[in-house]
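Here's the structure we're looking at; comments come further down.
The values are calculated or read from the model by the stated rules, or taken from the named source; none is laboratory data. Here the structure is a predicted model, which means the values were calculated and not measured. For neighbour counting, all protein chains shown are included, and Cβ atoms are generated from backbone atoms with ideal geometry for every residue, glycine included.
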Amino acid sequence: MHNVIILGAQWGDEGKGKIVDLFSERFDIVARYQGGHNAGHTVKIGDRKFVLKLIPSGILRPGKRAVIGNGLVVDPAALVSEIETLEAAGIDVASQLRISNRAQVLFPWHRLLEKISEDRPGRVSIGTTSRGIGPCYEDKIGRRGVRIADLLERDTFPARFAALLDEKETIARAFGLAPEEDSAATLAQYADLAERIRPMVCDTVRLLNDAIRAGKSVMFEGAQGTMLDIDHGTYPFVTSSSATAGGACTGTGVPPTSIHATVGVSKAYVTRVGAGPFPTEALDQAGDHIRVRGNEFGSVTGRPRRCGWFDAPLLRYTAMVNGFDSLVVTKLDVLDELDRIPVCVAYRRGKSEVTEMPPTIREMEHLEPVYECLPGWQTSTFGIGRYADLPARARDYLNFMEKHTGVEIGGISTGPERNQTIVRPGSRFQQLFQP
Ligand code: IMP
């Protein structure tokens with residue numbers, strides 16, 4: 001049985017939640033490895049819709065283990081609220097969910113510090129989700145963070161809490177901001193939340209490695225997307241964690257030698273939320289059409305997403321960084337009505353073609369996308385479940401994407417439901433998920 005990483009090939013919101021949920025049936029464990037409640041996975045099962053932020057979507061499959069790995073930053077209040085929503089829907093969270101004792105704890109002051117940082121005059125605003133994710137990771141890397149295991153230590157936690165709070169209040173005061181929180185109430189709240197999650201906390205590194213050694217299979221679920229990765233994304237317009245495939249190892253403690261494949265998830269077009277370069281952004285009516293037709297509004301923040309055309313050079317780059325074995329293309333049906341569909345096949349700068357992804361925002365903003373226009377299929381692909389049933393022009397579009405990215409398209413999603421998915425016969429993807 002394979003251990004597989006599934007992650008976003010663009011700027012997040014590619015529809016990973018549905019794909020992970022669908023194929024989690026084939027795995028014993030689904031593990032998240034980075035990010036926090038900035039992520040938002042929407043999974044639709046019949047007439048029920050679940051928005052998962054911290055908990056891996058494997059939780060929706062009875063009997064499957066869902067793991068929050070050490071690479072995450074966990075807001076305990078957000079986690080408990082998510083647990084309660086799932087429990088109210090009849091899901092046995094207590095027996096399915098395990099939370100790493102090494103994950104970082106996110107506190108209310110992380111949101112305050114993010115506000116200071118985003119609002120500061122002269123600073124480039126990243127357009128974050130305002131969840132405090134970046135400042136929490138700063139504390140982790142600054143070696144002053146509090147981990148879940150520390151939160152559970154009843155006797156030492158209050159002193160650690162007070163020390164960190166004191167430091168953050170000093171910073172807030174320096175920026176003329178009054179600390180918003182009632183610290184005694186926050187301490188008591190965190191002590192309560194600790195007890196609520198305690199039965200689910202364990203050494204998930206050991207749990208995952210023991211399970212793999214016993215022949216169990218793990219799916220690693222990436223959050224955000226490759227272009228939001230702290231190292232490989234459009235820095236500084238990125239999130240503060242390792243969203244790429246490499247993050248799966250550091251964020252779970254499972255070695256690379258135990259992971260067998262990576263699968264990218266990409267929309268049939270591109271979206272991004274927040275600020276930062278986006279070479280193929282469509283600022284015209286076509287972009288508006290995609291936004292409305294694809295319901296491109298953030299599942300966590302509700303912000304309208306920026307929309308644009310499929311970008312093959314960007315995908316070649318993300319395929320290189322992650323080593324994609326296969327690609328799943330989602331939301332193909334959103335393009336159904338278009339009579340012409342531009343696809344970016346190369347970038348130009350002046351007269352020369354750019355083959356590398358530029359390291360700076362300035363250089364990236366100067367890229368001119370070179371488009372080829374494909375004829376639209378102008379018929380509904382919504383809900384189609386077999387490759388052969390797709391209109392010929394939709395298949396041509398997918399073949400064109402494949403040719404220009406160098407990655408096989410093994411899966412295609414044609415709607416939000418589990419059964420509105422095509423697994424391409426004979427693909428590597430089929431081998432991985434339908435052995
Ligand atoms: P942060 O993760 O809240 O720090 O936000 C940093 C950047 O990542 C912003 O541009 C966000 O819009 C973006 N971002 C964070 N999480 C997601 C996500 O789940 N989907 C898409 N964009 C995200």
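Every residue, every condition in (1) touching a Pro at 6+ places or on another chain (Cβ under 8 Å); (2) outside any helix (DSSP H, G or I); (3) under 25 Å from GLY71 (Cβ atoms); (4) modelled with pLDDT of 95 or more, yes or no:
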site	(1), (2), (3), (4)
ASP155	no, yes, no, yes
ALA162	no, no, no, no
ASP166	no, no, no, no
GLU181	yes, yes, no, no
GLU195	no, no, yes, yes
ARG206	no, no, yes, yes
HIS232	no, yes, yes, yes
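Conditions tested, residue by residue: (1) outside the structural domain of ARG123 (by TED's automatic domain parsing); (2) over 18 Å from the mean Cα position of the chain (by Cα); (3) charged (D, E, K, R).
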position: LEU283; (1), (2), (3): yes, yes, no
position: ASP325; (1), (2), (3): yes, yes, yes
position: THR330; (1), (2), (3): yes, no, no
position: ASP339; (1), (2), (3): yes, yes, yes
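Tell me, which residue of the stretch 126-158 that is acidic (Asp, Glu) and within 16 Å of the ligand (Cβ to nearest atom) is farthest from PRO76 (Cα to Cα)? Checking each candidate, the answer is GLU138. Considering the conditions (1) within 16 Å of the ligand (Cβ to nearest atom); (2) out of contact with any helix residue (DSSP H, G or I) (no Cβ under 9 Å at 6 or more places or on another chain); (3) not acidic (Asp, Glu), SER241 is excluded by exactly one of them, (2). When the stretch 343-353 is limited to residues that are small (Gly, Ala, Ser) and in a strand (DSSP E or B), the one that is surrounded by the most Cβ atoms within 10 Å (Cβ to Cβ) turns out to be ALA346.
Spot the failing condition for VAL93; the list is (1) closer than 15 Å to GLN34 by Cα; (2) touching a Leu at 6+ places or on another chain (Cβ under 7 Å), and only one is missed. It fails just one condition, (1).
For the stretch 1-77, the strands (runs of 3 or more DSSP E) that sit wholly inside it and include 3 or more residues that are more than 16 Å from the ligand (Cβ to nearest atom) and within 18 Å of THR204 (Cβ to Cβ) are 29-32, 65-68.
I need the full set of residues from the stretch 291-331 which are of a type outside the set (Lys, Arg), within 16 Å of the ligand (Cβ to nearest atom) and closer than 21 Å to GLY383 by Cα, in order please. Once the filter is applied, which keeps residues that are of a type outside the set (Lys, Arg), within 16 Å of the ligand (Cβ to nearest atom) and closer than 21 Å to GLY383 by Cα, the stretch 291-331 yields GLY294, ASN295, GLU296, THR330. What residue, among those in the stretch 127-170 that are among the aliphatic types (A, V, I, L, M) and surrounded by 13 or more Cβ atoms within 10 Å (Cβ to Cβ), is farthest from ALA188 (Cα to Cα)? Top of the filtered list is ILE133.
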